Amino acid sequence: MALPRLLVRALHRAAAAAAPSAPDFNSFVPRTNTCGELRSAHVGQKVTLYGWVQYQRQGLFLVLRDFQGLTQVIIPQDEAHSHVRELLSGAPLESVLRVTGTVSPRPLGQENPKMPTGDIEVKAETAEILNSCKKLPFEIKDFIKKSEALRMQYRYLDLRSSRLQSALRLRSRLVMSMRHYLCNLHGFVDVETPTLFKRTPGGAKEFLVPSREPGKFYSLPQSPQQFKQLLMVGGLDRYFQVARCYRDEGSRPDRQPEFTQIDIEMSFVDQAGIQRLIEGLLQHSWPEERGSIMTPFPSMTYKEALAEYGTDKPDTRFGMKIVDVSDVLRRSNVHFVQNALTYPHGSIRAICIPQGVRYLTNKDLESLKESAKSQFNQEIMEIIHRPDGSLKSLLTKFLGEKEKSELIQALNMQEGDVVLLAAGEHEQVVRSQHYDLVLNGNEVGGGSIRIHSAEQQRFVLEKVLKEDSEVLSHLIEALELGAPPHGGIALGLDRLISLIVDAPSIRDVIAFPKSFRGRDLMGNAPDYVTPEELEPYHIQVSWPLEEKEAKKN
């Protein structure tokens, strides 16, 4: 029995809508294919490609490159296509071309298994140089070493590298997946918040933006913290934003003066709820090519992190936990040990470095001890486990055999291990409902359950932070007008992506980053502004004498 024609069409439309489809990279443009998608199945088809000249060999063939990959183009040698041969043979590297031709199989034995398009080539029939390229400041190849300053100066060329292309496309996919998880699956609302606001007390330094009112300045916010809390007071319940944030501080490999956060806030949530949300968010959006991640994530308290690793962002892959050996050494005659144990919270802690004798020279150990002394006023003593089972250390002559044996057992010391031991008073802290997300020893997110009591917020500002609460009077007033309990978190998108792709710096996952000193080397920013341009803002620049002379010359 035949189905009605309208029903058949409806079923076809439903099936098409349900089936996952690859992006159409060739919509709205005159090319037929990208340089990375042609395969043996396309043999015999006439195609039009657009791209950059990656490589050219003796007028015989060239390799055309675009964002998706490479295609080998055969340069015609017959007299009928002499103008095409002349054009393609003379095209400088990185020139932009349009090539039309027929897809053919590569000759037997000339296939390139390292290229996705290595089984085919395109025999050029017509071609056009859309833009010729002059001599490049560096080659567009990932294996060519380039100084970071040169890469920053010519960032638009650096962006052509497959490494940066891959990182930025992965970043785009991950953000889209996060949007889907938050907005479509869990009802979050994407809200843009202002980037021109007022100074926030405490925290990092902020960038100031002059206004036309004498003496008054805007400030670029370090984060949307106040706005997202006000959105909760406004009853939005669940907020999300890919937020631009600003801090007027020097750059480091994992910091930039302007950066991006995945900013999240929820009403009526507790710490466990935020943790489950972030676990689900990252599991949903994690790139398939980087493997899968398991939930729930391992977690530990701040106290446990400091006690076992000595940092609030431990890299647990290395093991090497800190061990409290106070009880083992309590009966020893070592002066600095006994002195530490006289404090109310005094203790002796040690860390065992497996096979440390292979990696730590005497010079390294002395440098560690000097750094600990100069930076933290902390004495460190090393203990080396010899092949014969004995311990080499200034400490051992003060220890009996029983104490030595207990120390070896407590630290699970093996032959060749090096132990670093320190004694001192354990610092006690004020506790709050804060939480961080740590990946391989790097903090990639942080947040808290907020204060929703105006009285408590005023107390923290004035008594704890010693700040003028009037600066945040708008927030405190909002908390007095029916603010729900709420909490949130912000993920550092740049830092997260750099860890996912194993980039040495977040500058390698940002399209147009600032240099280590916070400068834009490509556009030469920040730049000078003339006195005439500053006049509407009621600002005059006071120049140091040497700069005055330099400007005159």
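The values are calculated or read from the model by the stated rules, or taken from the named source; none is laboratory data. No experiment lies behind these values; they were computed from the predicted model shown. Cβ sites come from the backbone with ideal geometry, for glycine too, and all protein chains shown count toward neighbours. Ligands, DNA and RNA are excluded from the accessible area calculation, which covers all protein heavy atoms including side chains. Shrake-Rupley method; radii C 1.70, N 1.55, O 1.52, S 1.80 Å.
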Residue within segment 273-284 that is under 18 Å from the mean Cα position of the chain (by Cα), loosely packed, with under 14 Cβ neighbours inside 10 Å and small (Gly, Ala, Ser) present: no
Segment 190-213 residues that are over 26 Å from Val460 (Cα atoms), paired with ones that are part of a loop (DSSP other than H, G, I, E, B) and open to solvent by less than 80 Å² (accessible area, probe 1.4 Å) (beta carbon under 8 Å, 6 or more apart): Val191/Leu236; Val209/Leu220; Pro210/Ile539
Check on Asp142, in contact (Cβ under 8 Å) with a residue 60 or more places away in the chain and open to solvent by 50 Å² or more (accessible area, probe 1.4 Å): no
Residues satisfying the stated conditions in segment 364-395, i.e. open to solvent by 90 Å² or more (accessible area, probe 1.4 Å) and β-branched (Val, Ile, Thr): none
Any strands (runs of 3 or more DSSP E) falling wholly within segment 394-455 and containing at least 1 residues that are among the hydroxyl-bearing types (Ser, Thr, Tyr): 434-439, 442-449
All strands (runs of 3 or more DSSP E) inside segment 206-249 with 3 or more residues being open to solvent by 30 Å² or more (accessible area, probe 1.4 Å): 208-210, 238-246
The one condition in (1) over 30 Å from Leu395 (Cβ atoms); (2) not in a loop (DSSP other than H, G, I, E, B) that Val328 fails to fulfil: (1)
Filter pass, Asn339 being touching a residue at least 24 places away in the same chain (Cβ under 8 Å), in a helix (DSSP H, G or I) and surrounded by fewer than 17 Cβ atoms within 10 Å (Cβ to Cβ): yes
Among (1) of a type outside the set (A, V, I, L, M); (2) closer than 22 Å to Glu480 by Cα; (3) not in a helix (DSSP H, G or I), the one test that Phe259 misses: (2)
Filtered residue count, segment 272-319, keeping only those that are outside any helix (DSSP H, G or I) and either modelled with pLDDT of 90 or more or touching an Asp or Glu at 6+ places or on another chain (Cβ under 7 Å) (or both): 17
